[in-house]
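Just dropping this structure here.
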Amino acid sequence: MANLSTVMPQLSWPEVWGRRLGRHGLSAPFPGRAVDAVAAMCGAHAQVLSAAEVSIGLRVAGVTRSDVRDALWNERSLVKTFGPRGTVHLLPSRELPLWTGALGALPPSSNSLSADARLTPDQTDEVVAAIAEALADAELTIDELTAAVVASSGSWAADPVVPAFGGMWPRWRQAMHLAAHRGVLCFGPNQGRKVTYTSPQRWLPGFQPAPAPDALAGLVRHYLHAYGPATPQHFAQWLSAPRRWAAQLFDSLADELQPVDVAGTVAWVTAGDTAPTPVPAHGVRLLPYFDAYTVGCHPREQLFPGAAAQRALSGGQAGNFPVLLIDGTVAGIWHLRRSGRKLNITVEPLTTLTVAQRRDLDEQADRIGEILEGRPHLTIGTVTVGGHA
């Protein structure tokens, strides 16, 4: 890593929040397209698509859920796939070579299944190859994809050994996110209420993952631009990767990185990226479930100060509650319940709002109504539902 004996640039936490808000389009929305916001935040978590639509819409002036879906299924500037932590994300199609090159190079994650339930490395490769063949020229539901994988690999692939949502998934599904990380699977458009899967090669002719060293270096640069200053441990947590591996990766990029002092803590930015933002952290935002800012920013004790840690974190995990963000840090939670076109938004602040903050909150509720193409009704009160409800 770079020599720490030299005098390090210093940043305060308000300066860090200002940098991050600006780079996420949260201090002022971007003027561009949905894909530009997704690139800026290093992917939008999309297990619940409406949450991704809000994440993107808050960052791009005028964008609605229809624009996001058009970018996905018509323009194809976005792709829905398994991203960081093996979770469903929207990623820029133009960056898919980088993402697959990097994610496909991550060390194998720990597996909590019993030894007799796990896929062997050879079985994993066989399943990924079967997925690639099945999706090369098709959009398949999960049942259709299961049938194709079992027909190619054998009956062992169908063994119901993976606990999931009150039932058991077939053995092959352990490799599903790996197939996405290796660039042979992404989501296709729904068939009614059924999810489909296809190959990104169908939409991106000539696509293939970038070489791993270049892709990993590019991902570190992307991450530090959006979430820096940060440590290798923060990067590891964001990716769900081993800490030692992340530290070694940062060491290998020592010539490209620079340490900074953030209120007495050493963290890292890309070399030369040390200036504080000219715009201080300011304003009110209503961030949805698993918003990239909430999940990617560290350390948690700074992002979730005081009572926010008890109210808005779930076992130390960020994202299970939509959060009220004031001046870059969490200051409450909120919940949305949709009834037809009516959007009932309940916000529970953890501090007394000023007149200006209440005005900003009203504007945020109106903006969410525009994004989700509904009629918002804002209530200040206690959120009674649990996390991820």
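The rows are residues; the columns are (1) touching a strand residue (DSSP E or B) at 6+ places or on another chain (Cβ under 6 Å); (2) of a type in the set (S, T, N, Q); (3) surrounded by fewer than 18 Cβ atoms within 10 Å (Cβ to Cβ).
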{"residue": "Gly328", "(1), (2), (3)": "no, no, no"}
{"residue": "Ile333", "(1), (2), (3)": "yes, no, no"}
{"residue": "Glu348", "(1), (2), (3)": "yes, no, no"}
{"residue": "Thr351", "(1), (2), (3)": "yes, yes, yes"}
{"residue": "Asp362", "(1), (2), (3)": "no, no, yes"}
{"residue": "Ile380", "(1), (2), (3)": "yes, no, yes"}
{"residue": "His388", "(1), (2), (3)": "no, no, yes"}
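Could we say that Val260 is closer than 30 Å to Gln364 by Cα and not small (Gly, Ala, Ser) here?
So Val260 does not fit the description; no.
Scan the range 199-214 for residues that are crowded, with 16+ Cβ neighbours inside 10 Å, touching a helix residue (DSSP H, G or I) at 6+ places or on another chain (Cβ under 7 Å) and not in a loop (DSSP other than H, G, I, E, B) and jot them down.
Once the filter is applied, which keeps residues that are crowded, with 16+ Cβ neighbours inside 10 Å, touching a helix residue (DSSP H, G or I) at 6+ places or on another chain (Cβ under 7 Å) and not in a loop (DSSP other than H, G, I, E, B), the range 199-214 yields only Pro200.
Follow-up. Out of all the residues in the range 29-52, is one or more closer than 27 Å to Pro205 by Cα, in a loop (DSSP other than H, G, I, E, B) and over 15 Å from the mean Cα position of the chain (by Cα)?
Checking the range 29-52: at least one residue is closer than 27 Å to Pro205 by Cα, in a loop (DSSP other than H, G, I, E, B) and over 15 Å from the mean Cα position of the chain (by Cα).
Restricting the search to the range 179-198, which residues are in a helix (DSSP H, G or I) and touching a residue at least 60 places away in the same chain (Cβ under 8 Å)?
Once the filter is applied, which keeps residues that are in a helix (DSSP H, G or I) and touching a residue at least 60 places away in the same chain (Cβ under 8 Å), the range 179-198 yields Ala180, His181.
Of the residues Ala308, Ala331, which single one is of a type in the set (A, V, I, L, M, F, W, C), touching a residue at least 24 places away in the same chain (Cβ under 8 Å) and over 17 Å from Glu53 (Cβ atoms)?
When all the criteria are applied, what remains is Ala308.
Among the listed residues Trp172, Trp156, identify the single one that is assigned to a helix (DSSP H, G or I), aromatic (Phe, Trp, Tyr), touching a residue at least 12 places away in the same chain (Cβ under 8 Å) and surrounded by fewer than 21 Cβ atoms within 10 Å (Cβ to Cβ).
Trp156
Tell me the strands (runs of 3 or more DSSP E) entirely within the range 287-379 that contain at least 1 residues that are in contact with a His (Cβ under 6 Å, 6 or more places away or on another chain) and modelled with pLDDT of 95 or more.
By residue number, 342-349.
So which of Leu91, Leu113 is surrounded by 16 or more Cβ atoms within 10 Å (Cβ to Cβ) and touching a strand residue (DSSP E or B) at 6+ places or on another chain (Cβ under 9 Å)?
Matching residue, one of Leu91, Leu113: Leu91.
The values are calculated or read from the model by the stated rules, or taken from the named source; none is laboratory data. Bear in mind that the values here come from a model prediction, so they are computed numbers and not experimental data. All Cβ positions, glycine included, derive from the backbone under ideal geometry; neighbour counts span all protein chains shown.
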